[in-house]
1. Any residue in segment 19-43 that's of a type in the set (D, E, K, R): show its pairings with residues that are outside any helix (DSSP H, G or I) at Cβ separation under 9 Å, as long as the two are six or more apart or on different chains.
2. Return the residues of segment 130-162 that are under 24 Å from A99 (Cβ atoms) and among the polar types (S, T, N, Q); say none if nothing qualifies.
3. Tell me, which residue of segment 49-67 that is of a type in the set (S, T, N, Q), in a helix (DSSP H, G or I) and open to solvent by less than 40 Å² (accessible area, probe 1.4 Å) is nearest to K148 (Cα to Cα)?
4. I'd like to verify a number: residues in segment 149-206 that are part of a loop (DSSP other than H, G, I, E, B), in contact with a helix residue (DSSP H, G or I) (Cβ under 7 Å, 6 or more places away or on another chain) and among the charged types (D, E, K, R), how many?
5. Name every residue in segment 139-185 that is over 15 Å from G61 (Cβ atoms) and under 13 Å from the mean Cα position of the chain (by Cα), in order of residue number.
6. Find the residue count for segment 120-146, including only residues that are part of a loop (DSSP other than H, G, I, E, B) and either within 23 Å of D80 (Cβ to Cβ) or in contact with a Gly (Cβ under 8 Å, 6 or more places away or on another chain) (or both).
7. Does segment 118-132 include one or more residues that are among the polar types (S, T, N, Q), more than 14 Å from the chain's Cα centre (by Cα) and open to solvent by 10 Å² or more (accessible area, probe 1.4 Å)?
8. Select, from V137, V188, V168, the only residue that is touching a Ser or Thr at 6+ places or on another chain (Cβ under 9 Å) and closer than 24 Å to P75 by Cβ.
Amino acid sequence: MPPEFSHIDHWIFDLDNVLYPSECDLFSLIDIKMGEYIERALNIDSTEARKVQKNYFHDHGTTLAGLMHHHGTDPQDFLDYVHDIDMSRLSHAPDLHSAIAALPGEKLVFTNGDRPYAERVLDNRGLGGLFDQIHDVVATDLIPKPEKAAYHSLINTTGIDPKRSLFVEDMARNLRPAKDLGMTTIWVNTGSEWGARDHAPDYIDHEIPDLESWVTNL
């Protein structure tokens, strides 16, 4: 293990565009479902629904958080609908499985999605059962990253020591609270404009193009 990671006891991974390649673009499928949901719930056309969706994502961390704040949306109804997508774009990743399994210490998933969706993704990547804990948006009382309360929920629920933790995330802005708490931060730069939003080198320790090549080289 490289010296800069020798103190790590807790390896924390975001789910989407981290534990599968960004090229799979599952979010484009979720994006369509969210648009449909907003059109139906707010009785607006597709153009206006997309504006609402993106504005809420930017202003509240997730589209769901914005819908709950402004419209009292039932979170489980929303999550069940938008995560009901085809997973055939995913394939098993035995090298990634072996590399993560070999990491010394506890492995966790920290996601703004919910557990059923996370488990479906992991199963379709051949990573099911690999992680010691999954901390989802339901466990954070529906408070999404990058809200500080979500990170405190992760720490309080899982019992991790943030100073002995490493967090891998594709949304740069989600790494700032982790760094403030003392975590080692890894940014997966997928080339996405949304992923790079609010990027700043003071809270990103390492930048990588993808998880699999980085973790297998450890």
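1. Listed pairs, sorted by first residue: E23/R89; E23/T190; D25/N17; D25/R89; K33/H83; K33/D84; K33/I85; E39/D45.
2. Q133, T158
3. Quick first cut of segment 49-67, residues of a type in the set (S, T, N, Q) only: 53, 55, 62-63.
Those still in the list that are in a helix (DSSP H, G or I) too: 53, 55, 63.
Filter once more, so that each one left must be open to solvent by less than 40 Å² (accessible area, probe 1.4 Å): 53, 63.
On the way: Q53: 22, T63: 18 Å.
Taking the candidates together, the pick is T63.
4. Final tally of qualifying residues: 3.
5. F167, V168
6. Total meeting the criteria: 15.
7. Residues of segment 118-132 that are among the polar types (S, T, N, Q), as a first pass: 124.
If we keep only those that are more than 14 Å from the chain's Cα centre (by Cα) too, we end up with 124.
Then keep just the ones that are open to solvent by 10 Å² or more (accessible area, probe 1.4 Å); that gives 124.
The answer is yes; a qualifying residue exists.
8. V137
The values are calculated or read from the model by the stated rules, or taken from the named source; none is laboratory data. It should be emphasised that the depicted structure is a prediction, and the values quoted were computed from it without experimental measurement. All Cβ positions, glycine included, derive from the backbone under ideal geometry; neighbour counts span all protein chains shown. Surface accessibility is based on the protein's heavy atoms, side chains included, excluding ligands, DNA and RNA. Shrake-Rupley method; radii C 1.70, N 1.55, O 1.52, S 1.80 Å.
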